[in-house]
Amino acid sequence: MNEAISASWRTALEPALATPEARRLGGWLRSEEDCGKIVYPPRGERLAALAMTPLEQVRVVILGQDPYHGPGQAHGLAFSVRDGVRLPPSLVNIYKEIESDLGIRPQPGGNLERWAKQGVLLLNNTLTVEAGQAGSHAGRGWDAITDACIAAVVEQGLPTVFILWGSHAQKKASRVKGLGEGDNHLLIASPHPSPLSAHRGFFGSRPFSQANAFLERHGRGIIEW
């Protein structure tokens with residue numbers, strides 16, 4: 001848990017990172033790797049979303065379930081893969097929705113650092129996973145840390161869009177306070193973009209145009225998706 005993150009995040013998360021639960025999580029991850037298990041993303045990249053998008057710059061939060069569990073995919077930004085890595089099916093569907101929603105063809109490649117640098121916090125509910133085992137690190141202690149991330153964004157009071165994809169992500173909805181008409185936050189919830197669920201309401205949900213309309217209306221600019 002000693003990864004480099006922005007000072008604003010470190011201050012906001014210090015109480016959560018100092019808990020016995022966080023220390024147990026760190027110890028458990030080390031023991032899993034010491035036993036020969038492969039954990040994604042690798043050490044040094046597990047808090048990459050917080051390193052790349054400082055708290056005070058967050059305009060949009062995209063929340064998923066857990067990292068990709070295939071080799072060479074996860075690098076600490078939800079739904080993103082590094083340049084040169086084949087697009088995972090969920091990201092293919094995200095790009096399809098961008099094209100349908102905005103009428104633009106997404107940039108080539110699956111590296112979403114370009115979003116993160118614009119203030120899009122690409123966060124998963126759980127920030128690690130065992131190779132080949134989706135959901136394997138759920139319930140191990142990440143929830144308290146990602147809950148604290150959501151709370152920190154909300155408590156800033158800046159107009160922010162929260163895009164929650166899938167049932168695991170939507171459990172965070174209670175952390176987004178005051179979603180009534182005229183409030184500072186917009187909550188967009190839909191099924192996960194995975195091929196298993198995308199046709200149940202992800203396609204056609206138009207999260208990208210909704211996010212930009214909200215941000216522009218509140219004077220925070222738009223995201224170049």
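The values are calculated or read from the model by the stated rules, or taken from the named source; none is laboratory data. All values reported here derive from a predicted model rather than from experimental measurement. FYI the Cβ positions are ideal-geometry reconstructions off the backbone, even for glycines, and counts take in every protein chain you see. With ligands, DNA and RNA removed, areas are computed over all heavy atoms of the protein, side chains included. Shrake-Rupley method; radii C 1.70, N 1.55, O 1.52, S 1.80 Å.
Of note:
- Charge context of Lys96, other residues only, Cβ under 13 angstrom, K/R +1, D/E -1: -1
- A simple charge model with +1 on the Cβ of Lys and Arg, -1 on the Cβ of Asp and Glu and nothing else charged puts the dipole of the chain at about 160 debye relative to its Cα centre.
- Around the amide H of Val85, modelled in the peptide plane, lie the amide H atoms of Gly110, all under 5 Å away and 5 or more residues distant in sequence or on another chain.
- Comparing Ser90, Ile38, His199 along the charge dipole axis of the chain, the residue lying farthest to the positive side is His199, per the Cβ-charge model.
- Shape class for the stretch 94-225: oblate, because the ratio a/c of the largest to smallest gyration tensor axis (alpha-carbon atoms, square roots of eigenvalues) is 1.5 or more and b/c is at least a/b.
- Global geometry of the stretch 36-102, whether rounded, prolate or oblate, following the gyration tensor of its Cα atoms and the 1.5 cut on a/c: oblate
- Rounded to the nearest whole Hz, the Karplus-based 3J(HN,Hα) values (6.51 cos²θ - 1.76 cosθ + 1.60, θ = phi - 60°) of the stretch 93-108 follow the sequence 5, 4, 5, 4, 5, 4, 5, 5, 6, 9, x, 10, 8, x, 4, x, with x at glycine and proline.
- Where trypsin sites (Lys or Arg not before Pro) fall in DSSP loop in the stretch 146-225, at most 16 other Cβ within 10 Å: Lys177
- Of the residues Phe79, Phe208, Phe162, the one that moves most in a GNM of the chain with alpha-carbon contacts below 10 Å is Phe208.
- Stokes-Einstein diffusion coefficient of the chain, Kirkwood radius over Cα pairs, 20 °C, 1.002 mPa s, in µm²/s: 121
- Residue-wise HN-Hα couplings along the stretch 7-13, as the Karplus relation 6.51 cos²θ - 1.76 cosθ + 1.60 with θ = phi - 60° gives them from phi, are 4, 5, 5, 4, 5, 5, 9 Hz; Gly and Pro carry x.
- Close amide-amide hydrogen proximity is noted between Leu186 and Thr160, Val161, Phe162, each under 5 Å apart and 5 or more residues distant or on a separate chain (H modeled in the peptide plane; Pro and chain starts excluded).
- Here the stretch 1-137 exposes an accessible surface that is 51 percent carbon and sulfur, computed with a 1.4 Å probe and the other protein chains kept in place.
- Its DSSP H runs of at least 4 residues, each contributing -39,500 (n - 2.57), put the calculated 222 nm mean residue ellipticity of the chain at -10500 deg cm²/dmol, to the nearest 500.
- Distant-in-sequence amide contacts of Val129, defined by a placed amide H-H separation under 5 Å and a gap of 5 or more residues or a different chain, comprise Tyr40.
- The string of couplings for the stretch 115-128 from the Karplus curve (6.51, -1.76, 1.60, θ = phi - 60°) is 6, 4, 6, 9, x, 9, 7, 9, 10, 9, 4, 10, 9, 9 Hz, one whole number per residue in order, with x for Gly and Pro.
- Trypsin sites (Lys or Arg not before Pro) restricted to the stretch 6-37 and DSSP loop, no more than 14 other C-beta within 10 Å: Lys37
- Rounded if a/c under 1.5, otherwise prolate or oblate - the stretch 6-123, Cα gyration tensor axes: oblate
- Low-density loop cleavage sites - GluC sites (Glu not before Pro) in the stretch 87-196, where at most 12 other Cβ are within 10 Å (DSSP): Glu181
- Counting only protein heavy atoms and a 1.4 Å probe, the chain has 45 square angstrom of accessible area per residue.
- Cα centroid of the stretch 14-66 to Cα centroid of the stretch 113-145, whole Å: 7
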